[in-house]
Amino acid sequence: MAERTLTVASAHGLHARPASLFVQAVANSGLTVELTKGDKTINAASILGVISLGINHNDEITLTAEGENADEVLDQLAEIITTDQDA
Amino acid sequence: MTPSLSGVGIGRGLAIGEILRMPDPLPEPSDAASTTTPDAEKVRAAGSLAATAADIRLRGDRAGGAAKDVLEAQAFMAEDPTLKDDVDKRIEGGKTAERAVYEAFAAFRDLLLSMGGYMGERATDLNDVSQRVVAHLQGVAAPGVPTPDHPFILVARDLAPADTALLDLDKVLALITSDGGPTSHTAILAREKSIVAVVGVTGALALADGQTVIVDAITGAVTVDPSDAERAAVQTTLADRAAAKDVPVGPGALADGTLVPLLANLGTVDKLAEAVEKGAEGVGLFRTEFLFLDADKAPTFDEQKAKYSALFAAFPGKKVVVRALDAGADKPLHFLNDEPEENPALGLRGLRALRANEPILRDQLRAIATAAAEKEADAWVMAPMVSTVEETRYFTHLAKELGVKTAGVMIEVPAAALLADRILADSDFASIGTNDLTQYTLAADRLLGSVASFQDPWHPAVLRLVGEVGKAGAALGKPVGICGEAAADPLLAVVLVGLGATSLSMSPAALADVRAELARFTLEQAQKFAELALSANSAVEARVAVLDAATPNTQSPTESEK
């Protein structure tokens, strides 16, 4: 199992557009990716799950995935999370 | 008397016309037990969810821009795997597909509403997707914007992105919503597309199709069934505004000839041509950080010098004010400050971050000074977010040492505004950043939708601080510029000049309106407006007081109808 703990860079957090970009990347990966903030874990392909976690700028989140190219997928997703998509 | 409703105006538009209401939403699907098998209901639900996602995406592609991003997010909501699981679970409990979809979206909507603020405003998106899926299941038309063949003013509870995206801008004169705040989609898209809009109007839903209203975004007033005099006044104002747009491009000046140079706010060298075309007399704020946001390390001297040379070459002999790298709460630069902070807006940002990384600041100042000397540009350099006299001295001394001819500071912190007389003694000029000054004066995070109503530069407390800087500038003979959203609001621009601003910098798109407004008034009038605004109790009062004074020929409806 691959895992990454990241700090969210987008100024408005993981809402609206950054959330769409992220969810799209998860869906395209074909893997089941889980996102954890605090004590809550959701399916990262669920935009409603992502939005309802209320993920803000500078929040720390953890991504986990299983599968053959899990590390590669998480690296791509980490790139999205740690880039300011609102800039 | 003429009844008048009020809400939050978006922008400065004015419109008069007949109302059309958004059709009422679909009735809630009945909770009768399904008459078919759960598997059959699941297939129906899956088909309609997918079809709705595809339809929303198509609308997004047609709309483009910010609307496309919003609609893309909505399409993902229709495709959401967690939602689909919830729908299937409800169907297994004996619900119809319609009812299961309705309940599943409602559960998420309530969750978002309970979170309030920005999240709460996203609830409208969910309601819209839910309605569209249910309509598809029932084989009825999706609720949406009416499309008559005559111009109209649209009244709605709140508009979903799918609605606003396809608005026919030639037909929609204005938008009125009963719900939604200044950060709702209706407000965001109205701003982007320059649609006249007033949001959050209590009582708007009681308006009937065919009623005539006047929508004034400046005051946030909706005048219902206006009198003949009120109708005539609106037509006159609209004609005046249309004529004012034709004022030829030239130097910014008041009616008495007092010059007020109008400059451009720029973040990239790509926008230079547009700024020159719109008549910018120079650059009042060049935000250097946007050149380097993608970088994970500090840009080199040579990389920077090349970019500044291109900038100076576009404005030969003209004033170009370059702001040193500004790592802010809303635009972090990892090579300047990578420490997580509890309150980034109050943290190690602006000049504070540069000072902690002095080699980066030195490189930048040298690059600007070298490029300026080569291009013989009138380059001014200023430090962002300066709080103290000591910081002012630090920056201006360092800049001069490295060859910068004109060094100044930005006034964004109330402490700096209050001590402007001492700060300007050590600085060649000051430039007031009204966005941050408003945020710090009213203690309201400018990125937070739930406190967005505090972010109003018309607030007399903000204006008083601007006035302090203006007075200090006049006493010491130092220029005081404004670079912030406030300068782009034409009437507020006049007030700022009255408070002592000697130049105004704004996004190029705003130059024409501001130039036209400045030409209407003398310096004496501008100073009178400033006094009126300063003596008001609130941003709204200040705006109304100045607006009344600025339109002497038309009686204000709010006064005459009492």
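The values are calculated or read from the model by the stated rules, or taken from the named source; none is laboratory data. All of these numbers come straight from a predicted model, not from anything done at the bench. We place every Cβ from the backbone using ideal geometry, glycine too, and count neighbours over all the protein chains shown.
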*asked:* Tally up the residues in region B:337-360 that are away from every other protein chain (no Cβ under 13 Å), assigned to a helix (DSSP H, G or I) and within 27 Å of B:Thr441 (Cβ to Cβ), please.
replied: 7
_Subset of region B:89-98 [in a helix (DSSP H, G or I) and surrounded by fewer than 19 Cβ atoms within 10 Å (Cβ to Cβ)]_ = B:Lys89, B:Glu92
*Could you list, in sequence order, the residues of region B:404-448 that are surrounded by 19 or more Cβ atoms within 10 Å (Cβ to Cβ) and among the small types (Gly, Ala, Ser)?*
B:Ala407, B:Gly408, B:Ala416, B:Ala417, B:Ala420, B:Ser427, B:Ala430, B:Ser431, B:Gly433
*If you go through region B:333-344 one residue at a time, do you hit one that is closer than 25 Å to B:Lys478 by Cα and surrounded by 16 or more Cβ atoms within 10 Å (Cβ to Cβ)?*
no
*Odd one out for B:Ala51 among (1) within 14 Å of chain A (Cβ to nearest Cβ); (2) surrounded by fewer than 19 Cβ atoms within 10 Å (Cβ to Cβ)*: (1)
*Please go through region B:63-88 and pick out each residue that is of a type in the set (Gly, Ala, Ser) and buried (at least 18 other Cβ atoms within 10 Å of the Cβ).*
B:Ala63, B:Ala66, B:Ala67, B:Ala73, B:Ala75, B:Ala78
*Residue count, region A:51-65 (criterion: among the hydrophobic types (A, V, I, L, M, F, W, C) and within 9 Å of chain B (Cβ to nearest Cβ))*: 1
*Residue identified as of a type in the set (Gly, Ala, Ser), closer than 28 Å to B:Val546 by Cα and at pLDDT 85 or above among B:Ala206, B:Ala190, B:Ala264, B:Ala244*: B:Ala264
*Sort out which residues of region B:209-234 are hydroxyl-bearing (Ser, Thr, Tyr) and at pLDDT 90 or above, and write them in order of number.*
B:Thr212, B:Thr223, B:Ser227
*asked:* Considering only region A:66-80, I want to know if a residue exists there that is aliphatic (A, V, I, L, M), within 13 Å of chain B (Cβ to nearest Cβ) and either surrounded by 17 or more Cβ atoms within 10 Å (Cβ to Cβ) or touching a helix residue (DSSP H, G or I) at 6+ places or on another chain (Cβ under 9 Å) (or both).
replied: no
_I need a count of the residues in region B:284-297 that are farther than 17 Å from B:Lys307 by Cβ and either at pLDDT 85 or above or of a type in the set (S, T, N, Q) (or both)._
1
_If I ask for residues that are at pLDDT below 85 and part of a loop (DSSP other than H, G, I, E, B), which ones from region B:151-170 would you list?_
B:Asp158, B:Leu159, B:Ala160, B:Leu166, B:Leu167, B:Asp168, B:Leu169, B:Asp170
*Could you say which residue among B:Ala373, B:Ala399, B:Ala377, B:Ala407 is farther than 21 Å from B:Ala493 by Cα and touching a His at 6+ places or on another chain (Cβ under 9 Å)?*
B:Ala407
*Out of all the residues in region B:5-12, is one or more under 29 Å from the mean Cα position of the chain (by Cα), modelled with pLDDT under 90, farther than 20 Å from A:Arg17 by Cβ and of a type in the set (Ser, Thr, Tyr)?*
yes
_Out of everything in region A:31-40 that is under 11 Å from the mean Cα position of the chain (by Cα) and either assigned to a loop (DSSP other than H, G, I, E, B) or not hydrophobic (A, V, I, L, M, F, W, C) (or both), what residue ends up being farthest from the other protein chains (Cβ to nearest Cβ)?_
A:Thr36
_Just to be sure I understand the filter: pairs with C-beta atoms under 9 Å, separated by 6 or more residues or on different chains, first member in region B:381-400 and within 16 Å of B:Pro359 (Cα to Cα) and in contact (Cβ under 8 Å) with a residue 24 or more places away in the chain, second member in a helix (DSSP H, G or I) and among the small types (Gly, Ala, Ser). Which pairs pass?_
B:Ala383/B:Ala399; B:Ala399/B:Ala369
*Take region A:41-52 and flag every residue that is under 19 Å from A:Asp84 (Cβ atoms) and more than 10 Å from the chain's Cα centre (by Cα).*
A:Ile51
*Name the one entry in B:Glu281, B:Glu303 that is crowded, with 21+ Cβ neighbours inside 10 Å and at pLDDT 85 or above.*
B:Glu281
*For region A:9-30, enumerate the residues that are more than 9 Å from chain B (Cβ to nearest Cβ), under 17 Å from A:Ile61 (Cα atoms), assigned to a loop (DSSP other than H, G, I, E, B) and more than 9 Å from the chain's Cα centre (by Cα).*
A:Ser10
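Here is a yes/no grid of residues against (1) touching a strand residue (DSSP E or B) at 6+ places or on another chain (Cβ under 9 Å); (2) farther than 30 Å from A:Asp59 by Cα; (3) in contact (Cβ under 8 Å) with a residue 24 or more places away in the chain:
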position	(1), (2), (3)
B:Phe335	no, no, yes
B:Arg349	no, no, yes
B:Leu354	yes, no, yes
B:Ala369	yes, yes, yes
B:Ala425	no, yes, yes
